[in-house]
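A short write-up of the structure that comes next.
The values are calculated or read from the model by the stated rules, or taken from the named source; none is laboratory data. In this text the structure is predicted, and so the values were computed from the model without any measurement. Glycine also receives a Cβ, built like all others from the backbone with ideal geometry; neighbour counts cover every protein chain displayed.
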Amino acid sequence: MLPVVGFFCECCALSACKKCNRILDKKFRCKHISWPSDKPFYHHWVDIGTTSEKDDTQTENFKKLFCSWCQRTKVIKENFHNDNEQCDFNKYRKLIIPPTSVQLHRGTISNIIPPTDDDWEPLIVLANRKSGSSRSDEVISIFRGLLNPIQVVDISSIAPEKVIKWLPSRCRLLIAGGDGTVAWVLNALQPATHIRASVGILPMGTGNDLSRVLGWGAGCDARLDAHAIVKAVRDAEEQPLDRWKVTIKPKRAGLRGRGERVLHAYNYASVGVDAQVALDFHRARAQFLYRFANRTLNYVAYLFLGMGRALDDGGCGGLERRLRVWLGGGRDPLALPPLQALVALNIPSWGAGVHLWNMGNEGEMPEQSVSDGKLEVVGISSSFHIARLQVGLAEPYRFAQTSKLKIELSGSCAMQVDGEPWMQSAATITIEPDGQCCMLRPPHHYTDTG
């Protein structure tokens with residue numbers, strides 16, 4: 001139960017004062033997540049108050065009941081309640097995993113048996129409490145009231161790799177988090193080829209670049225409307241998204257050094273000062289910003305950290321002398337101007353909504369697509385250049401589109417993939433296609449974008 005004024009159960013909507021909380025907890029059962037398939041499944045009615053009707057001679061009292069599965073309400077006479085009405089889950093029956101489909105083994109989900117409906121495509125909500133906006137508790141609460149509680153998972157406690165084990169063969173996922181959270185879930189889905197999962201986004205990170213591109217918005221409204229969000233996911237169209245394999249081979253694998261490392265990129269990968277600012281932010285968040293986590297504070301922190309890197313480039317100055325870059329299968333390396341960052345883009349949005357490839361592009365460069373099997377390679381000269389890009393007062397160095405990218409890095413430099421940064425030692429970095437994943441693009445009228 002949530003400690004609001006008294007207590008309110010986020011799953012079944014039962015409410016109680018602080019005195020009666022423990023008594024009602026023993027007297028009433030919450031929503032069943034599992035139920036024997038050979039038994040009828042009934043409504044889960046919750047008393048939500050009373051109403052009365054007056055006539056010339058008397059006042060008659062009625063109970064108001066609410067089913068926490070099908071969301072229906074009804075009004076009955078106080079002592080005329082029939083508990084043996086079967087629930088059909090109403091308008092969300094195609095999205096809910098019925099308790100009769102859930103098989104448990106020692107308290108954990110072992111299997112989901114699909115119901116007989118051919119168009120059944122359940123919605124699974126994966127929320128990350130550690131994302132930038134810190135609103136995942138709210139997401140978990142409102143969706144547990146609409147769906148089977150097992151369909152709403154806090155992936156900061158239960159990793160998506162564990163959730164994938166019981167997912168039905170066809171489903172829709174709603175990821176409540178930032179770009180890093182989305183990439184985490186997509187990476188977990190990648191080896192599960194038997195699952196066809198289409199992925200929508202509820203943007204709760206700092207940059208939310210992939211969410212912007214797909215039409216889910218830059219952030220969430222102050223008030224979340226669960227019904228509007230569910231409708232948008234249900235009506236959304238599928239959108240292929242290129243997946244890129246990033247292979248990092250260190251030039252020297254010492255006793256403490258890592259061997260070959262393989263990652264996947266969905267938004268972008270970069271080497272240089274933008275990754276250094278992201279690394280500074282992640283370190284600050286781990287030390288003290290997590291206590292005050294919200295999206296606005298994150299933006300302010302990024303601004304100050306970026307300004308700091310205008311004075312101290314973090315070893316990214318003269319990066320063009322430490323990089324050798326090959327496009328496609330070319331034999332000659334790319335000629336680089338003075339740089340402090342090299343970025344390989346898969347989507348049109350970078351750095352919280354900056355359209356790098358299209359800035360100042362008057363048709364001399366080809367259009368960018370998230371599903372054309374091509375990366376757009378651009379360069380950035382400094383952190384001051386980043387600040388000017390953010391407000392539209394500059395253009396990046398646009399190099400080319402390519403289906404394969406090879407980078408040789410000498411010395412150490414910050415690197416990031418989809419907003420997850422680290423310090424990279426001298427290495428050969430190869431970025432090449434690795435199939436596609438299935439995303440969701442909401443209807444044009446979807447307005448829950450913050």
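Any residue in segment 250-260 that is modelled with pLDDT under 95, within 20 Å of the chain's Cα centre (by Cα) and in a strand (DSSP E or B)?
no
Any chance you could count how many residues in segment 305-332 are of a type in the set (D, E, K, R), farther than 12 Å from Ala275 by Cα and either at pLDDT below 80 or not assigned by TED's automatic domain parsing to the domain that holds Gly272 (or both)?
1
Answer yes if at least one residue in segment 73-81 is more than 18 Å from the chain's Cα centre (by Cα), among the acidic types (Asp, Glu) and modelled with pLDDT under 85, and no otherwise.
There is at least one residue in segment 73-81 that is more than 18 Å from the chain's Cα centre (by Cα), among the acidic types (Asp, Glu) and modelled with pLDDT under 85.
Within segment 184-207, restricting attention to residues that are in contact with a Phe, Trp or Tyr (Cβ under 8 Å, 6 or more places away or on another chain) and not small (Gly, Ala, Ser), which residue is surrounded by the fewest Cβ atoms within 10 Å (Cβ to Cβ)?
Looking at the filtered set, the residue picked out is Leu186.
Of all residues being buried (at least 17 other Cβ atoms within 10 Å of the Cβ) and out of contact with any strand residue (DSSP E or B) (no Cβ under 6 Å at 6 or more places or on another chain) in segment 426-449, which is modelled with the highest pLDDT? Just the residue, please.
Pro442
Please work out which residue is nearest to Arg243 (Cα to Cα), limiting yourself to segment 389-412 and to residues that are at pLDDT 90 or above and aliphatic (A, V, I, L, M).
Going through the qualifying residues, I end up with Leu405.
Just one of (1) at pLDDT below 90; (2) touching a strand residue (DSSP E or B) at 6+ places or on another chain (Cβ under 8 Å) trips up Gln103, so point out which.
Unmet for Gln103, out of (1) at pLDDT below 90; (2) touching a strand residue (DSSP E or B) at 6+ places or on another chain (Cβ under 8 Å): (1).
Can you give me the number of residues within segment 259-276 that are among the aliphatic types (A, V, I, L, M) and more than 15 Å from Gly180 (Cβ to Cβ)?
Number of matching residues: 3.
Scan Gly353, Gly360, Gly373, Gly419 and give me the residue that is buried (at least 20 other Cβ atoms within 10 Å of the Cβ) and either touching a helix residue (DSSP H, G or I) at 6+ places or on another chain (Cβ under 8 Å) or over 17 Å from Ala275 (Cα atoms) (or both).
So the residue among Gly353, Gly360, Gly373, Gly419 that is buried (at least 20 other Cβ atoms within 10 Å of the Cβ) and either touching a helix residue (DSSP H, G or I) at 6+ places or on another chain (Cβ under 8 Å) or over 17 Å from Ala275 (Cα atoms) (or both) is Gly419.
Within 18 Å of the chain's Cα centre (by Cα), in contact (Cβ under 8 Å) with a residue 24 or more places away in the chain and surrounded by fewer than 19 Cβ atoms within 10 Å (Cβ to Cβ), is that true of Ala127?
So Ala127 fails the test.
For segment 142-209, give me every one of the strands (runs of 3 or more DSSP E) that falls completely inside it and has 2 or more residues that are within 15 Å of the chain's Cα centre (by Cα) and of a type outside the set (A, V, I, L, M, F, W, C).
Hits in segment 142-209: 170-177, 196-203.
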